[in-house]
Amino acid sequence: MTSQLNTQPELFRHSSPAPAPANVGLSTTRLALQLYGRVSPQKAGQLVNRMAFRPSRLPMPTRYESLLDNTDSYTQLQHGGRTIPVYSWGQGPVILGVHGWAGAGIQFGAWVTPLLEAGYRVVLFDAPAHGRAQGDSTDLFEMAEVTGKVAASLGRVHGILAHSIGCIAVARAIADGLQANYLAMLAPPASLTAVMANLGRQLALSPEVLSVHLQLMEARFGPSVWDQLDLEDLARTLTQRGLIVIDDDDTSISPEESRRVAGNWDQADVLRTRGLGHNRLLWSPMVVDTVLRDLGRPVDSV
């Protein structure tokens, strides 16, 4: 059973952010797909399927980007015909960061100095078609495979930090043989099925258009794709000690999804926060400090 570590104290509470201006790009895409879907649900579904494998390269957080030019070690792994950048700081037991969809390794920039001061080595990487990595498209199976390949290049991984959809990739990689002693999941989704349902809502897809996309997913990966990337089920197999961080104001991944994952992971504690949303979990001092306390110093944990 999971246990609650603590709720967010008043010191760290944030007022709810003001509503963001309408995303013109998303609104335009949504409208175009709605119109296209009325003319041809099949072709609209095919277009959605192509889009689903092409993550947007969001701007890197500038406050941490300078870290990439001041690494202790920088290597490049070849994955097929593509180059995967791997960044490393410090010495000691390895803590590996695994970003989510449309993210980049440097999103864990706020963790680098605290982990170094605690005696760990920090390793970050950009998955294919993300950050500074090569490629225009990828999928969760490939992200899991690359996560395992990066881990294997390090010899031994003590702990893993994963964010959002990266949590599914990590759990899949662990099921496929990656070994680690500790795992922290920030805002994990329940499953790929839930991710696709959220995509349908985000793009206001008709059931017919979404169904075409899902059928193409099964044609590409097989009908077991949903079971293989179901984090609720994968959580039952996790033997690592760990922590799940859930923000009640997350509008990207439903907190209820993360709670269901936590309910199936026997060795995990839960940290509940408010006002951080989906991405600010990554650089919240309270979240970083709580995970570090739970992780412990190397002398206590290795």
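Numerical summary
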{"read-out": "Segment 165-302 - Rg (one decimal) and Dmax (whole number), Cα, Å", "value": "16.2, 56"}
{"read-out": "Tilt relative to the chain, helix 285-295 - C-alpha long axis, 0 to 90 degrees, to 10", "value": "60 degrees"}
{"read-out": "Nearest 10 degrees, 0 to 90: helix 255-264 Cα axis against the chain principal axis", "value": "60 degrees"}
{"read-out": "Surface share of carbon and sulfur [accessible, 1.4 angstrom probe, percent] for segment 123-201", "value": "45 percent"}
{"read-out": "Exposure rank, largest accessible area first [Trp101, Trp265; 1.4 Å]", "value": "Trp101, Trp265"}
{"read-out": "Cβ-based charge dipole, the chain, positive-most Cα from Phe125, Gly92, Leu58", "value": "Leu58"}
{"read-out": "Amide H contacts under 5 Å for Ala129, placed H, 5+ residues apart", "value": "Gln134, Gly135"}
{"read-out": "Size of electric dipole in segment 21-145: Cβ of Lys, Arg +1 and of Asp, Glu -1, about Cα centre, debye, nearest 20", "value": "660 debye"}
{"read-out": "Whole-number D in µm²/s for segment 106-162 (Stokes-Einstein; Kirkwood sum over Cα pairs; 4 °C, 1.567 mPa s)", "value": "103 µm²/s"}
{"read-out": "Between helix 140-154 and the chain: long-axis angle, C-alpha atoms, 0 to 90°, nearest 10", "value": "20 degrees"}
{"read-out": "Accessible area in square angstrom per residue, the chain, 1.4 angstrom probe", "value": "46 Å²"}
{"read-out": "Low-density loop cleavage sites - trypsin sites (Lys or Arg not before Pro) in segment 123-166, where at most 13 other Cβ are within 10 Å (DSSP)", "value": "Arg156"}
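The values are calculated or read from the model by the stated rules, or taken from the named source; none is laboratory data. Fair warning: this is a prediction, and the values are worked out from it, not measured in the lab. In this analysis, Cβ positions are derived from the backbone assuming ideal geometry, glycine residues included, and neighbour counts consider all displayed protein chains. Accessible surface areas use protein heavy atoms only, side chains included; no ligands, DNA or RNA. Shrake-Rupley method; radii C 1.70, N 1.55, O 1.52, S 1.80 Å.
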